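**Q** Starting off with a structure, shown below.
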Amino acid sequence: MPDELKPTVATAVSELKAAGAHEVFVFGSGAHPQGSARDLDIAVSGLPSGQFFRLQGRLLCLFDRPIDLVNLDRVTPFTRYLRESPELVRVG
């Protein structure tokens, strides 16, 4: 993960864990040390029902970069791909 993203990721992990998330991951360009930091892709599992969109909004308000939040508890072709991908890096 690029050094410039580490404070953002730490804050995001703290917010998500405080809301009850079991696991927090980054993926995409933010997961690579040499990645560009235009946005931050976060995947989360274990959020209590009804919390996902509230937290997505909270993260968007906290940071000065776009945040993409993916709910790994929803089984879709994309979340299956992420779960099997080495790009999914656990951060919390």
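**Q** Of all the residues that make up segment 55-78, how many are touching a residue at least 12 places away in the same chain (Cβ under 8 Å) and not acidic (Asp, Glu)?
**A** Count: 13.
**Q** When you scan segment 74-92, how many residues do you find that are loosely packed, with under 15 Cβ neighbours inside 10 Å, at pLDDT 90 or above and part of a loop (DSSP other than H, G, I, E, B)?
**A** Matching residues across segment 74-92 total 3.
**Q** For the list (1) closer than 19 Å to Val89 by Cβ; (2) outside any loop (DSSP other than H, G, I, E, B); (3) out of contact with any Lys or Arg (no Cβ under 9 Å at 6 or more places or on another chain), I need the number of the one condition that Glu15 fails.
**A** Result: Glu15 passes all but (3).
**Q** Could you list all residues from segment 50-84 that are under 14 Å from the mean Cα position of the chain (by Cα), β-branched (Val, Ile, Thr) and within 16 Å of Glu23 (Cα to Cα)?
**A** Val70, Thr79
**Q** Still on this structure, please answer the following. If I ask for residues that are aliphatic (A, V, I, L, M) and crowded, with 16+ Cβ neighbours inside 10 Å, which ones from segment 12-28 would you list?
**A** Answer for segment 12-28, where residues must be aliphatic (A, V, I, L, M) and crowded, with 16+ Cβ neighbours inside 10 Å: Ala12, Val13, Leu16, Ala19, Ala21, Val24, Val26.
**Q** Let me ask something else about it. Select from segment 36-56 the residues that are touching a helix residue (DSSP H, G or I) at 6+ places or on another chain (Cβ under 7 Å) and within 17 Å of Met1 (Cβ to Cβ) and list them in ascending order.
**A** Listed by number, the residues that qualify are Ser36, Ala37, Leu40, Asp41, Ile42, Ala43, Val44.
**Q** Turning to a different aspect of this structure: Please specify each residue of segment 57-92 satisfying the condition of being among the aromatic types (Phe, Trp, Tyr) and in contact with a helix residue (DSSP H, G or I) (Cβ under 9 Å, 6 or more places away or on another chain).
**A** If the condition is that a residue be among the aromatic types (Phe, Trp, Tyr) and in contact with a helix residue (DSSP H, G or I) (Cβ under 9 Å, 6 or more places away or on another chain), then Phe63 is the only one that fits.
**Q** Now for a separate question. In segment 57-79, which residues are of a type in the set (Phe, Trp, Tyr) and more than 20 Å from Pro2 (Cα to Cα)?
**A** Phe78
The values are calculated or read from the model by the stated rules, or taken from the named source; none is laboratory data. Given the structure is predicted, the values throughout are model-derived calculations rather than measurements. With ideal geometry, Cβ positions are generated from the backbone for all residues, glycine too; neighbour counts draw on all protein chains shown.
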